[in-house]
Amino acid sequence: MTVRMIGRTYRFDMGWLKVRFTFESASQGSFVVEEGGGLAPNGHAETVTLDLKEIRDGVYLNSWTEASGATVTHVEDFANATLHSNVTVDGTLYTFVGTITEVTGAVAEADAADRAGRAERAEQAERARRNTETVLTAMRELFAEKDVTALDRYWAEPYVQHSPQMPDGLGTLRSAVPGLEGFTWEPQRTAAEGDLVFTHSIVHGWTAGPAVIVDVFRLEDGRIVEHWDVVQDLVPAGSTVSGHPMV
């Protein structure tokens, strides 16, 4: 490419549609809608896969498809700072002619920070999803299937235990689980933040009667290494002061 767009941010000004666009690589870009003109919400940001071809020196054909299904095709003339754009939204074609201006300084830095923040949030969400999946699988295999080898797959020592009736380490679980009779663990809802996973469950067979338990698990490198719990006797909805169920 004779024009070095990679790593740079440009403003595509098409009148009532204005977009800041960053070329992250020859095949990936990200944009922020400054003014959507009804086609997109102001502030909408997205990363897209590019089909970028050089037509001649300084002129490129650039196209992509957005998550909404909208398609965009640009002829970007960096040599003359002009832009010809075709945008299709919900089957309607919009044609624009505009200008290209490189964005520098604080705005470009803000765009970079925004991209980094979005990438970090995406990674955090994916880590939370993986951790939640690990906890649900671990608890099912250990307690429902009574497979004590799950402790070797999903837990790790040193295992820190905050439950008041249990010591640290995995030994107690390893010896107690095979002898549990009538035990069921029925997670009703889950949440995750950072390296913590929370489960809100109905449990039978752990206490004398059915219980509602909030378990908090901390994971390191995909393994459960710490545990807290809050245990309450299950009270039927008709017997609670509010009349609402506990879970």
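Counting the residues of the stretch 112-170 that are open to solvent by 60 Å² or more (accessible area, probe 1.4 Å), touching a residue at least 40 places away in the same chain (Cβ under 8 Å) and of a type in the set (Gly, Ala, Ser) gives 1. Taking residues in the stretch 211-229 that are in a loop (DSSP other than H, G, I, E, B), and partners anywhere that are open to solvent by 50 Å² or more (accessible area, probe 1.4 Å), the pairs with Cβ atoms closer than 8 Å and at least 6 places apart or on different chains are GLY222/ARG130.
Rundown of residues vs (1) loosely packed, with under 15 Cβ neighbours inside 10 Å; (2) farther than 26 Å from ALA122 by Cβ; (3) β-branched (Val, Ile, Thr); (4) modelled with pLDDT of 95 or more, yes/no style:
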| residue | (1), (2), (3), (4) |
| --- | --- |
| GLY36 | no, no, no, no |
| THR49 | yes, no, yes, yes |
| THR65 | yes, no, yes, yes |
| VAL75 | no, yes, yes, yes |
| PHE78 | no, yes, no, no |
| SER85 | no, yes, no, yes |
| ASP90 | yes, yes, no, no |
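In the condition set (1) touching an Asp or Glu at 6+ places or on another chain (Cβ under 9 Å); (2) open to solvent by 40 Å² or more (accessible area, probe 1.4 Å); (3) part of a strand (DSSP E or B), GLY43 is compliant with all but (3).
Taking the stretch 171-185 as the range and being charged (D, E, K, R) and either exposed (fewer than 12 other Cβ atoms within 10 Å of the Cβ) or under 14 Å from VAL135 (Cβ atoms) (or both) as the test, only GLU181 passes. Being within 25 Å of SER25 (Cα to Cα), open to solvent by less than 70 Å² (accessible area, probe 1.4 Å) and among the hydrophobic types (A, V, I, L, M, F, W, C) is a property that does not hold for VAL97.
Note on the stretch 1-32: among residues that are of a type in the set (D, E, K, R) and touching a residue at least 40 places away in the same chain (Cβ under 8 Å), the one that is surrounded by the fewest Cβ atoms within 10 Å (Cβ to Cβ) is ARG8. Restricting the stretch 92-111 to residues that are of a type in the set (Ser, Thr, Tyr) and touching a strand residue (DSSP E or B) at 6+ places or on another chain (Cβ under 9 Å), the residue that is modelled with the lowest pLDDT is THR104. Contact map, the stretch 231-247: first residue touching a residue at least 40 places away in the same chain (Cβ under 8 Å), second residue assigned to a strand (DSSP E or B) and surrounded by fewer than 13 Cβ atoms within 10 Å (Cβ to Cβ), Cβ cut-off under 7 Å, separation 6 or more or different chains; pairs are VAL247/GLN188.
The values are calculated or read from the model by the stated rules, or taken from the named source; none is laboratory data. The structure displayed is predicted, hence computed values, not measured ones. We place every Cβ from the backbone using ideal geometry, glycine too, and count neighbours over all the protein chains shown. When the accessible area is computed, the model is the full protein with side chains, heavy atoms only, and any ligands, DNA or RNA have been set aside. Shrake-Rupley method; radii C 1.70, N 1.55, O 1.52, S 1.80 Å.
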